[in-house]
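Asker: Input: one structure, supplied below.
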Amino acid sequence: MKNAEPFRIKTIAEGHRLTGLEMPKHPLISLVDVSQFKNHTDVHAVIFDFYAISIKRGCNNLLYGQQKYDFDEGLMAFMSPGQILRGEEGGAPAGLEGWMLFVHPDLLWNTPLAKKIKQYDFFSYASHEALFLSEKEELIINDIIANIKQEYDANIDGFSQGIIVAHLETLLSYAERFYNRQFITRKKSSHQLLEEMEELLINYFDGDDLVSRGLPSVQFLADKLNVSSSYLSSLLKSLTGQTAQQHIHEKLIEKAKEKLSTSALTVSEIAYDLGFEHPQSFSKLFKAKTNVSPLEFRQSFN
């Protein structure tokens with residue numbers, strides 16, 4: 001029953017029981033060898049109430065949310081609490097390799113990372129936007145994981161939390177660096193995607209149904225490009241210095257300038273044609289982006 005309700009895992013210990021692993025040595029963090037996962041044919045969709053970071057190989061047809069991805073190459077993936085992890089019926093496949101690091105949010109209480117971890121966009125990327133690591137990058141990540149494991153295997157004392165959190169923050173900083181590298185080096189996920197988005201925006205604003213459709217959303221663009229909205233904005237920020245929303249506004253202003261300079265339509269009519277319900281909202285955005293009002297821009301051509 002592939003469409004069964006996902007099973008919610010509230011604690012790391014509960015996750016260990018479900019996958020047939022020994023109980024974790026620490027209630028709020030666990031590092032596991034995924035080759036040790038036991039098959040559970042009755043559970044193939046789960047929601048974790050904690051963070052999960054992993055490097056896996058041989059995990060064919062695994063799904064995050066509704067997106068399918070072949071993990072044969074060995075990719076690094078990130079999940080935040082509340083996301084759905086789906087696998088094929090039959091449980092974990094044979095030949096699965098790699099590790100998973102589970103981190104409960106409670107581990108981060110009273111540390112700067114408790115707030116900062118929510119700012120890492122890659123926790124909301126879809127699986128097909130996972131991180132491709134070079135051999136050198138994977139060595140760096142695995143060295144940090146080895147440090148976490150060493151502390152995890154030691155006796156818990158008053159220093160344990162601070163040391164583990166410090167290693168975790170280092171790991172996330174490297175992941176952020178490697179994702180930025182990936183935006184630049186992976187052609188499909190960078191310049192080609194940017195060109196496709198530009199074409200989408202041009203066609204959207206050249207259409208005759210802006211009145212009924214309204215302004216394009218970041219989610220609309222992401223869906224058309226088959227990426228998550230957070231990944232799209234992160235990629236664009238890395239390549240152009242602008243978010244997806246800023247790109248939408250840029251194309252909107254270009255179209256508005258065209259109408260203001262080549263037509264006799266009133267500002268209100270132009271605002272309506274561009275998908276705005278209220279002309280004041282259009283005028284406010286136009287002035288914020290150009291430092292002049294729509295009327296002042298039009299008068300500059302007369």
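Asker: Can you find a residue that is in a helix (DSSP H, G or I), touching a His at 6+ places or on another chain (Cβ under 9 Å), surrounded by 13 or more Cβ atoms within 10 Å (Cβ to Cβ) and of a type in the set (Phe, Trp, Tyr) anywhere in region 200-216? First the steps, then the outcome.
Answerer: Going residue by residue through region 200-216, those that are in a helix (DSSP H, G or I) are 200-206, 210-213.
Next, only the ones that are touching a His at 6+ places or on another chain (Cβ under 9 Å) stay: 201.
Checking the rest, the ones that are also surrounded by 13 or more Cβ atoms within 10 Å (Cβ to Cβ) come to 201.
Now narrow it down to the ones that are of a type in the set (Phe, Trp, Tyr): none.
No: region 200-216 contains no residue that is in a helix (DSSP H, G or I), touching a His at 6+ places or on another chain (Cβ under 9 Å), surrounded by 13 or more Cβ atoms within 10 Å (Cβ to Cβ) and of a type in the set (Phe, Trp, Tyr).
Asker: Against the definition (in a helix (DSSP H, G or I), out of contact with any Cys (no Cβ under 6 Å at 6 or more places or on another chain), in contact (Cβ under 8 Å) with a residue 60 or more places away in the chain and not hydroxyl-bearing (Ser, Thr, Tyr)), how does residue 102 come out, yes or no?
Answerer: Against the criterion (in a helix (DSSP H, G or I), out of contact with any Cys (no Cβ under 6 Å at 6 or more places or on another chain), in contact (Cβ under 8 Å) with a residue 60 or more places away in the chain and not hydroxyl-bearing (Ser, Thr, Tyr)), residue 102 does not qualify.
Asker: On to the next question. So, in region 115-133, of the ones that are modelled with pLDDT of 90 or more and open to solvent by less than 30 Å² (accessible area, probe 1.4 Å), which residue ends up farthest from the chain's Cα centre (by Cα)?
Answerer: Among residues in region 115-133 that are modelled with pLDDT of 90 or more and open to solvent by less than 30 Å² (accessible area, probe 1.4 Å), the one farthest from the chain's Cα centre (by Cα) is 117.
Asker: Within region 154-171, count every residue that is surrounded by fewer than 14 Cβ atoms within 10 Å (Cβ to Cβ) and not aliphatic (A, V, I, L, M).
Answerer: The qualifying residues number 5.
Asker: Could you list, ordered by first residue, the pairs with Cβ atoms under 6 Å in which the first is in region 116-142 and polar (S, T, N, Q) and the second is crowded, with 20+ Cβ neighbours inside 10 Å, at least 6 apart or interchain?
Answerer: Correct list of pairs: 127/64.
Asker: Looking only at residues that are polar (S, T, N, Q) and part of a loop (DSSP other than H, G, I, E, B) in region 119-169, which one is farthest from residue 183 (Cα to Cα)? Show your work before the answer.
Answerer: Of region 119-169, the ones polar (S, T, N, Q) are 119, 124, 127, 134, 142, 147, 150, 155, 160-161.
With the extra rule that they be part of a loop (DSSP other than H, G, I, E, B), the set shrinks to 134, 155.
Details: 134: 14, 155: 40 Å.
Filtering first and then ranking leaves 155.
Asker: In region 217-242, what residues are more than 14 Å from residue 191 (Cα to Cα), of a type in the set (Val, Ile, Thr) and surrounded by fewer than 15 Cβ atoms within 10 Å (Cβ to Cβ)?
Answerer: none
Asker: Now a separate question. Specify the residue that is least open to solvent (accessible area, probe 1.4 Å); the eligible residues are those in region 134-153 that are over 23 Å from residue 107 (Cα atoms) and in contact with a Phe, Trp or Tyr (Cβ under 8 Å, 6 or more places away or on another chain). So that I can check it myself, show each step before the final result.
Answerer: First, the residues of region 134-153 that are over 23 Å from residue 107 (Cα atoms): 134-140.
Filter once more, so that each one left must be in contact with a Phe, Trp or Tyr (Cβ under 8 Å, 6 or more places away or on another chain): 137, 140.
On the way: 137: 21, 140: 48 Å².
Out of the qualifying residues, it is 137.
Asker: Additional query: Sort through 192, 246, 242 and tell me the only one that's within 30 Å of residue 124 (Cβ to Cβ), free of Cβ contacts under 8 Å to residues at least 12 places away in the same chain and not in a helix (DSSP H, G or I).
Answerer: 242
Asker: Sticking with this one: Within region 274-302, take every residue that is within 38 Å of the chain's Cα centre (by Cα) and among the basic types (Lys, Arg) and give me the one that is most open to solvent (accessible area, probe 1.4 Å).
Answerer: That would be 284.
Asker: Shifting gears a bit: When only residues in region 243-273 that are open to solvent by 70 Å² or more (accessible area, probe 1.4 Å) and among the hydroxyl-bearing types (Ser, Thr, Tyr) count, which is farthest from residue 201 (Cα to Cα)?
Answerer: Here is the first cut: in region 243-273, the ones open to solvent by 70 Å² or more (accessible area, probe 1.4 Å) are 245, 250, 254, 257-258, 262, 264, 269, 272.
Remaining after also requiring among the hydroxyl-bearing types (Ser, Thr, Tyr): 262, 272.
Details: 262: 20, 272: 18 Å.
Taking the candidates together, the pick is 262.
The values are calculated or read from the model by the stated rules, or taken from the named source; none is laboratory data. Note that this is a predicted model, so its numbers are computed, not measured. Positions of Cβ are generated from backbone atoms using ideal geometry, with glycine treated the same way; all protein chains shown enter the neighbour counts. Accessible surface areas use protein heavy atoms only, side chains included; no ligands, DNA or RNA. Shrake-Rupley method; radii C 1.70, N 1.55, O 1.52, S 1.80 Å.
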